[in-house]
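Here's a structure for you.
The values are calculated or read from the model by the stated rules, or taken from the named source; none is laboratory data. Note that the coordinates shown come from a computational prediction; the quantities given were computed from them, not determined experimentally. Cβ sites come from the backbone with ideal geometry, for glycine too, and all protein chains shown count toward neighbours.
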Amino acid sequence: MVSAKNTDTKAEILRIGKQFIQFYGYNAFSYADIARELNVKNAAVHYHFRGKEDLLMALVDNYIENYQILAKQLQNSKLGAIGKLDKFIEPYTSLCETDSICIIGSVASDYNTLPESVKEKISSLIDLVMGMVEQVLAEGKKKGEVHFNETARTQALLLMTNLAAGVQLARISGKKDYDTIRKALIRKLKQ
């Protein structure tokens, strides 16, 4: 039986690991950094996650689960296309406010060094999110709620990559530029 302390420790390892990945990148921290932050021994981190691959897999699994929950919420929602797109934009705005970047952006520079299992899991996350945004855009265009000339897939790529890049740019130039990008993306869809 797993004790509450073990569950709390595992959740805290995930939380700190996510912060480190989003702030420093996948290869720029070690389990010793997590252990130091949590004031535990390295063995406690390894007890819950054998290696960084396992930690990253668990984080990506959490993202997939959260997006699957969001998909169900949006499906049952009365929100229009812009309201639904705002639900995809909110996490990027939160990242910008905490000087972090999205998990995909965080591991992108380390992608070639990642184990194949992690690459596959990340691809699944990207496919899920892009499919969701594409669906919202296609339905919104059909209802006349959003307007664009590209395919829904291309528009989804433009939207999501601009948001991710905007968050990264905000680290250098400030949140104002991210806000400008975010507002312009929505404004163009409304035209």
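Do we have any residue at all in region 91-102 that's over 22 Å from residue 177 (Cα atoms) and not basic (Lys, Arg)?
No: zero hits.
Considering only region 97-115, how many residues are within 20 Å of residue 157 (Cβ to Cβ), touching a residue at least 12 places away in the same chain (Cβ under 8 Å) and assigned to a helix (DSSP H, G or I)?
Here the count works out to 5.
Also, quick follow-up: Quick check on region 9-30: of everything there that is farther than 20 Å from residue 113 by Cβ and modelled with pLDDT of 90 or more, which residue is surrounded by the most Cβ atoms within 10 Å (Cβ to Cβ)?
13
Going by the structure shown, is residue 138 out of contact with any helix residue (DSSP H, G or I) (no Cβ under 6 Å at 6 or more places or on another chain) and small (Gly, Ala, Ser)?
No, not satisfied.
Could you tell me which numbered condition residue 85 fails, if it satisfies all but one of (1) within 25 Å of residue 185 (Cα to Cα); (2) outside any helix (DSSP H, G or I)?
Of the numbered conditions (1) within 25 Å of residue 185 (Cα to Cα); (2) outside any helix (DSSP H, G or I), the odd one out for residue 85 is (2).
If you don't mind, there's one more thing I want to ask. Would you say residue 121 is more than 15 Å from residue 82 (Cα to Cα), buried (at least 17 other Cβ atoms within 10 Å of the Cβ) and either under 15 Å from the mean Cα position of the chain (by Cα) or at pLDDT below 95 (or both)?
Yes, satisfied.
Identify the single condition in (1) farther than 19 Å from residue 100 by Cα; (2) surrounded by 14 or more Cβ atoms within 10 Å (Cβ to Cβ); (3) not β-branched (Val, Ile, Thr) that residue 184 does not satisfy, given that it satisfies every other one.
(2) is the only condition that residue 184 fails.
Of the conditions (1) surrounded by fewer than 19 Cβ atoms within 10 Å (Cβ to Cβ); (2) farther than 28 Å from residue 56 by Cβ, residue 155 fails just one. Which one is it?
Result: residue 155 fails condition (1) only.
Rundown of residues vs (1) touching a residue at least 60 places away in the same chain (Cβ under 8 Å); (2) outside any helix (DSSP H, G or I), yes/no style:
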{"site": "77", "(1), (2)": "no, yes"}
{"site": "89", "(1), (2)": "yes, no"}
{"site": "117", "(1), (2)": "yes, no"}
{"site": "121", "(1), (2)": "yes, no"}
{"site": "127", "(1), (2)": "no, no"}
{"site": "130", "(1), (2)": "no, no"}
{"site": "136", "(1), (2)": "yes, no"}
{"site": "139", "(1), (2)": "no, no"}
